[in-house]
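The values are calculated or read from the model by the stated rules, or taken from the named source; none is laboratory data. Computed from a predicted model, the values in this text were never measured in an experiment. Every residue, glycine among them, receives a Cβ derived from its backbone with ideal geometry; neighbour counts consider all protein chains shown.
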Amino acid sequence: MVINKETFLRKLVFIWFWIFSCTGFVFDECLPETFAPIGQYILILCDLMTVVLMALTIRHKIDVCIILSFLVISYASSCMLNGLPLTVWGNGMRVFYGLLFVMPVVRYFWDDTERHDRFVEEWDRQLYAFLIVQAVCIIYQYMKYGAGDPVGGSFGAAGYSGTVSMSIYLVSFYLIRKHLDYDNLWTSVLKNWKYWVLLFPTFMNETKISFVLLLLYFLLLMPIDRKLIRRLMLGLPLVALVLTVSLYIFSSLTMYNGDFTAEEVFSDAWMSEYFYIDIDESKQTANWGLEYDNTMPDVPRLTKIAIIPFVMDEEPGHEWLGFGLGHFMNGSIMGTTAFYDDYEWLLIGTNPMIFFVMIQLGLLGLIWYVVMHASWFFRTPWNFPKKDFNIQLFVLFLVIAMLVYGSFFRNVAFCFLVLSIFAMSWKATNGDEPENAETTAQTPEQ
């Protein structure tokens, strides 16, 4: 039997996604530690497959412009301004593969209506399977580690708790919206319990943003139309009940946790650890942990953003182009850069996207980053002119939140989840969309 190109690419994309998203768990929990280097090489092969998939599917000028502009900016920053070797530039580029190369793959399946429909039909089933897989992995990790950062689902135990929580909320939100009856909204929500029940595993790690996502989840289930206030009044008791039960569950799950409890997580002291701005104290604490306590420090997120101008002052001439690529690769394959050695205390741990982009590519890179995201929202597929506002608002919230919360877009599998679901927010005008879907101008893409 001959398999056509579209079928081959669709199957290959799904296999690629599952390998990317499950390698961490398999090598962290299922195999001896001696196999860990193999996991690194598998991820490198997946990175190469990302480039191959992009090369096989890229069709649009906007994608070519985004990729070429990134290559110019990153090469000028890495090799011309900072004198980094080509190998470091090429290796450092891997953290941007998801943002660079996933959208062309997604757009390929949206260029043809039948191709799109086959992709969506199969992908919907796999997204539900993804939620189940995360539940199994998270419960196992919770039993092993307790509630905390190592509870990263199939992505692994290396600090993917935020990534998996955002993924679960986005996937569940997309799936439940496809099955809701908006004339009987809250009754329909209860009938589709199998989607929101699978949010439960997100309370088994310490990602406080889960509570924000939970509130956003239920608010955005309501179509944005003239009946919004009425639905909101009817739904507020249910939302309040869900939040109360969620807090109770979270408290129960963390009651006997060795590192923190729910009460501590929402205390001023705990919140300051993430958002307090004190540059001198953060530097001293981080260096002490690295040199004497053998611990990995995590400088508060807002401190990292606030410290950018000070780093630029210490190293003049880097405001517009940054310090080049390769400083966030942790040295597992090619060693560390001189900049990393000088600022290890600052670069390790959780990095907001603003910090992640600015340090590497400067203000010009940050402008590129904003324009790249804008191309998602303002370029309408000509054959899918209706947009689901609620899904796009959910994705927009994730994009904005990650500016100050974490650099999760460096994970290619996470990028594919976000971009594929965002693309599925564009609908054909066949009358089966939610009430708040809006038709935009039908402009063929180039």
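Points to keep in mind about this one:
- Checked against (1) within 30 Å of residue 233 (Cα to Cα); (2) out of contact with any His (no Cβ under 7 Å at 6 or more places or on another chain), residue 133 passes all but a single condition, namely (1).
- For residue 378, the criteria (1) modelled with pLDDT of 95 or more; (2) farther than 18 Å from residue 315 by Cα; (3) surrounded by fewer than 18 Cβ atoms within 10 Å (Cβ to Cβ); (4) not charged (D, E, K, R) hold in every case but one, which is (1).
- Filtering 216, 170, 180 for residues that are outside any helix (DSSP H, G or I), in contact (Cβ under 8 Å) with a residue 60 or more places away in the chain and closer than 19 Å to residue 388 by Cβ leaves a single hit, 180.
- Here 102, 72 are screened, and the one residue that is touching a Leu at 6+ places or on another chain (Cβ under 8 Å) and under 22 Å from residue 48 (Cα atoms) is 102.
- Selection status of residue 212, more than 20 Å from residue 413 (Cα to Cα) and among the aliphatic types (A, V, I, L, M): yes
- Among (1) free of Cβ contacts under 8 Å to residues at least 40 places away in the same chain; (2) part of a helix (DSSP H, G or I) - the single one residue 336 does not satisfy: (2)
- So residue 51, is it in a helix (DSSP H, G or I), loosely packed, with under 15 Cβ neighbours inside 10 Å and of a type in the set (A, V, I, L, M, F, W, C): yes
- From the list 126, 141, the lone residue that is buried (at least 16 other Cβ atoms within 10 Å of the Cβ), of a type in the set (S, T, N, Q) and more than 30 Å from residue 65 (Cβ to Cβ) is 141.
- Filtered residue count, segment 80-100, keeping only those that are in a helix (DSSP H, G or I) and touching a residue at least 60 places away in the same chain (Cβ under 8 Å): 13
- Options 301, 379; residue that is closer than 22 Å to residue 64 by Cα and not hydrophobic (A, V, I, L, M, F, W, C): 379
- Reported count of residues in segment 302-323, each being closer than 13 Å to residue 362 by Cα and β-branched (Val, Ile, Thr), is 3.
- Residue within segment 232-240 that is under 24 Å from residue 399 (Cβ atoms), surrounded by fewer than 22 Cβ atoms within 10 Å (Cβ to Cβ) and in the same structural domain as residue 25 (by TED's automatic domain parsing) present: yes
- Some residue of segment 406-426 being at pLDDT below 95, in contact with a Pro (Cβ under 9 Å, 6 or more places away or on another chain) and surrounded by fewer than 17 Cβ atoms within 10 Å (Cβ to Cβ): no
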